[in-house]
Structure formats: structure tokens, C-alpha cells
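The values are calculated or read from the model by the stated rules, or taken from the named source; none is laboratory data. In this text the structure is predicted, and so the values were computed from the model without any measurement. With ideal geometry, Cβ positions are generated from the backbone for all residues, glycine too; neighbour counts draw on all protein chains shown.
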Amino acid sequence: MPRNPRTTQGLHAFFAAHPEEAHRQFFKPGLSRRGFFAGAGLATAGGLLGMTIPHYAHMPQGLVPAAFADEELLVGKDGLVLLNDRPINAETPAHLLDDAVTPTARHFIRNNGIPPEETDPGNWTLRVDGLVANPLTLAISDLQQAFEVVTMALTIECGGNGRAFFDPPARGNQWTLGAVACSAWTGVRLADVLRKAEPAPGVVYTAHYGADTHLSGDPDRLPISRGVPIAKAMTDNVLVAFAMNGNPLHRQNGAPLRLVVPGWPGSCSQKWLTRIELRDQVHDGPKMTGTSYRVPRYPVAPGDEVPKEDFEIIERMPVKSLVTFPRNDSRAGRSVEVRGHAWSGDRTVGAVDLSVDFGASWMRTELDPPVNAGAWQNWRRTVEFPEAGYYEVWARATDSAGDMQPFGIDWNPKGYLNNSMHRVALRVT
Ligand SMILES: Nc1nc2c(c(=O)[nH]1)N[C@H]1C(S)=C(S)[C@@H](COP(=O)(O)O)O[C@H]1N2
Ligand SMILES: [Mo]
């Protein structure tokens, strides 16, 4: 194998000798199509592309056409930007989050491991055990029969949404704005399920387990297992969900069963859910400890080293808003309806204000109440621009407790909780 395969030297030889590895090194996204294209002759490849490939003779065997690179990984998704293909992580551009309720095709994907292959809802069971008097093993049909089925619009935001704007940079997926969504989830209340299992006195925390596998392939390692304090788990907008926007869950969003814990880091919302354990201590599964989904308990200066024992678990997500129209760096006339969403974990948003003069003055938007607890709130305002030229639209939400979005980031080592204002560039003509 060439020592440094990331050069253009030897590409054809590398592909010929080690097609799988070559593909991983040269053209990461699209790896999963490799097998499909390997051995595809000119006619097949051309047929798939809908036209001939004039330089087919020079095309390495096994090379996935860039035209298809992200396609298979993001089947059923529309316009998502792939940040990583192993594990799959993809975010939604802000202007594609314009709908009041996020369509499944535009719900971001955040995977820590490899989703399960077997996701037949008829064969799925959820185990509820640990510190309970009445351990349960429930099929999805049992959940549907034993408990009230509810549908709620619920906001899921990744704790690392906005990490890309940290300076000095923070390691991890470089999410910009689009690791957030508010789909309509159908399922049963986690509280009802836990009550049936009869939690014993002394329960303090849940532990969530899913069927995805660790990137290492080691069956004894879990990619992620997080939990929440029992009081949060008993909140009546925490769902065990089997449908999303009226259809079965999308494979990448946890099919056939997942938790939806609105307002807290998305990592609490275990996908491919197989087990909930009740514990008499704070859960210590993978991604619960160390610096995962944790922030320093006190403000730190950018770049500061913080001792591990000074980190605490992130609970509610902070107040935030997103401008979904107009699209960043677009052109518009002198009158524009600016709109978007706002949310604040476990709270409601009291106001969203806009500035088009770099924060010198602010104007209030029309803000809807949440359709239910845990849903983001939609807002809009028609803005008249005094003359043609370059403007920036800044949006700033304030929540029911008076917390207001900052101009800049409160830096932390792992790049969590970035709720700084969204700025949208607009060229008024
Ligand atoms: N089993 C399992 N559940 C999981 C994850 C995962 O990797 N495996 N990722 C979590 C994280 S970090 C987030 S932000 C949300 C994202 O949900 P989504 O992919 O449906 O948008 O799922 C959470 N649930
Ligand atoms: Mo996340």
C-alpha cells in the first residue's frame, strides 16, 4: 500500500490493489456504494448516471462517481450536508428548516456508532429494568395497546450544535447551525411506561441503551448510553416514539423505536432504543463521563485548560433562535418577511427581536406560543429596508426566565451550548 495514499500519485495503482481502502482514503463519503459500483461496467455506470462517461477508461475500478457520493448515506433526506460518513453525521442548512414542523427529510442525523441492520418493528422489544418492582419486556404493539398514544412536536438539538464557530476550535463534529429540528413525534409517555414498571424508592437516574454498534466493531462496547434524572424522565413530554411525522421513524433517526427528550442535549434521546434501566446513582455509561456532554461549572477563557472534576453534566439547552428566511447571503427587495424559530430547553421563549443595524436598535417579532410543551416557537416580522445595500439580520431570543442570547460564544473546551445570535447577510436591491 502506498505510504501516503492521500497524494495524487499512484491513485490508479492504489485503487487496483486496495479498492476499499483507496476509497476510504480518497473519497470518504460514498464508501457504502463501493460494492455496488465495483465491477459495474461502462453501460451500468453510465445507465445509473443517465449519460455516458467519456473518460471511463481512466476511471478506477470501484470509484463511486461524486454525483452519487452522499446519496446512499442520506437516502430519504433532502439537502442535508454530510459532516462525516463513519459514523454518519449530517446537518440541515438553516433555510431548509423553514417549516413550522420539521419534515423527516430535513431532520439532522447524529450517530456515534453504526445503526443496527435489523430494525423490524414486529421483532423489536423494549426492556425496562434495574431498580423496579415490575420489570417489563414490551413489544412495540404492547406499548401501543397498554399506554395512551400521543403526538407532539418536540425539539431535539445536539449539544454540539454551533461548535464550528468556536475559536480556538473544539474537536468533534463541526456543526454550524443545523443540528436542530422539531418534528412531530408519536409514541407513548416514558412516565407511563416507568410507572407500570413501578420504580423502587431510591431511583435517581435513567440509563438508556440502543442497538447500534461501536465503531470498533467490538460487541461489548456501546457507542453511547446516556440517561436523565428521574424527575426529567417523568415529565409528560418525554416520549418513547415509534413514529415521526406520521410515518415510521427514519432508519438514521432511530427506527423503529427511540426516546425523545425535548429541551435537553439530543444525546439524551437514545435511538434504536432497546432498554431503559433505573439506577440509584447518576448513570455512568459511555458519553456520560469525562468531558462528554459536560461543561465547566464556571466561565472559562477561550483556550483554558479545565480539570476534569470541574465539569458538570449539561441539562437543559439554552435559549436560541434561528432565521430560516431569508437565506444567508441572498438578495431581496425592500420589504422582506423575516421568519424562523426559537426555543429554550424546559422553558418558553418570551420574545424574539430583530436588528438590521448591527444591534443599534431592535424590533419585536410576532411570536407564536409553542404548539405543545417542548416544541420550538415560530416567529415572523416584515422588515422594511430604508435603501438598497448590504444588511445583516440579527435575531435574538429572550426566554421566560429573562435569559437572552449573547452576541458571542461562551467558550468551553468541547464546544457545547453555542447559543450566540444567528446573523444572516442580505443584499437589498
Ligand atoms: N443509540 C443512539 N442514540 C443516539 C445517538 C447515537 O449515536 N446512538 N446519538 C445521540 C445524539 S448525540 C443526538 S444529538 C441525537 C440526534 O438524533 P437524530 O440523529 O435523530 O437527529 O440522537 C442521540 N441518540
Ligand atoms: Mo448530540
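Residues are listed down the side, and each one gets a yes or a no for (1) within 30 Å of the chain's Cα centre (by Cα); (2) over 16 Å from M421 (Cβ atoms); (3) not in a strand (DSSP E or B):
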position	(1), (2), (3)
L354	yes, no, no
G374	yes, yes, yes
N378	yes, yes, no
E392	yes, no, no
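Condition (residue is under 25 Å from W394 (Cα atoms) and either modelled with pLDDT of 95 or more or out of contact with any His (no Cβ under 7 Å at 6 or more places or on another chain) (or both)) applied to the range 119-137: is it met by at least one residue? No, there is no match, as no residue in the range 119-137 is under 25 Å from W394 (Cα atoms) and either modelled with pLDDT of 95 or more or out of contact with any His (no Cβ under 7 Å at 6 or more places or on another chain) (or both). For the range 196-211, the condition holds for no residue, the condition being that it is in a loop (DSSP other than H, G, I, E, B), within 16 Å of ligand 2 (Cβ to nearest atom) and in contact with a helix residue (DSSP H, G or I) (Cβ under 9 Å, 6 or more places away or on another chain). Restricting T151, T92, T155 to residues that are closer than 15 Å to Q252 by Cβ and of a type outside the set (K, R) narrows the list to T92.
A quick yes/no check of all residues on (1) closer than 25 Å to T104 by Cα; (2) within 16 Å of ligand 2 (Cβ to nearest atom):
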{"position": "S267", "(1), (2)": "yes, yes"}
{"position": "Q270", "(1), (2)": "yes, yes"}
{"position": "Q281", "(1), (2)": "no, no"}
{"position": "G285", "(1), (2)": "no, yes"}
{"position": "Y298", "(1), (2)": "no, no"}
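Taken over the range 184-217, the criterion of being more than 14 Å from ligand 1 (Cβ to nearest atom), modelled with pLDDT of 95 or more and of a type outside the set (A, V, I, L, M, F, W, C) is satisfied by T186, R189, D192, R195, K196, E198, P199, P201, G202, Y205.
Selection of first residues in the range 115-144 that are crowded, with 18+ Cβ neighbours inside 10 Å and aromatic (F, W, Y) and of second residues that are at pLDDT 95 or above and part of a loop (DSSP other than H, G, I, E, B), restricted to Cβ pairs under 7 Å at least 6 apart or on distinct chains, gives the following pairs, ordered by first then second residue: W124/P256; W124/L257. Remark: pairs (first residue in the range 150-167, basic (K, R); second residue away from ligand 2 (no atom under 16 Å from the Cβ); Cβ separation under 8 Å; 6+ apart in sequence or on different chains) are absent.
Say whether the condition of being within 16 Å of ligand 2 (Cβ to nearest atom), farther than 19 Å from S267 by Cα and part of a loop (DSSP other than H, G, I, E, B) is met by at least one residue in the range 119-128. Within the range 119-128, none of the residues are within 16 Å of ligand 2 (Cβ to nearest atom), farther than 19 Å from S267 by Cα and part of a loop (DSSP other than H, G, I, E, B). For R221, are the conditions met, namely being surrounded by fewer than 16 Cβ atoms within 10 Å (Cβ to Cβ), part of a loop (DSSP other than H, G, I, E, B), assigned by TED's automatic domain parsing to the domain that holds K271 and under 18 Å from the mean Cα position of the chain (by Cα)? Against the criterion (surrounded by fewer than 16 Cβ atoms within 10 Å (Cβ to Cβ), part of a loop (DSSP other than H, G, I, E, B), assigned by TED's automatic domain parsing to the domain that holds K271 and under 18 Å from the mean Cα position of the chain (by Cα)), R221 does not qualify. If you go through the range 68-75 one residue at a time, do you hit one that is farther than 28 Å from N173 by Cβ and at pLDDT below 70? The answer is no; no qualifying residue exists.
Scanning the range 263-282 for residues that are within 19 Å of E315 (Cβ to Cβ) and within 14 Å of ligand 1 (Cβ to nearest atom) gives G263, W264, P265, G266, S267, C268, S269, Q270, I276.
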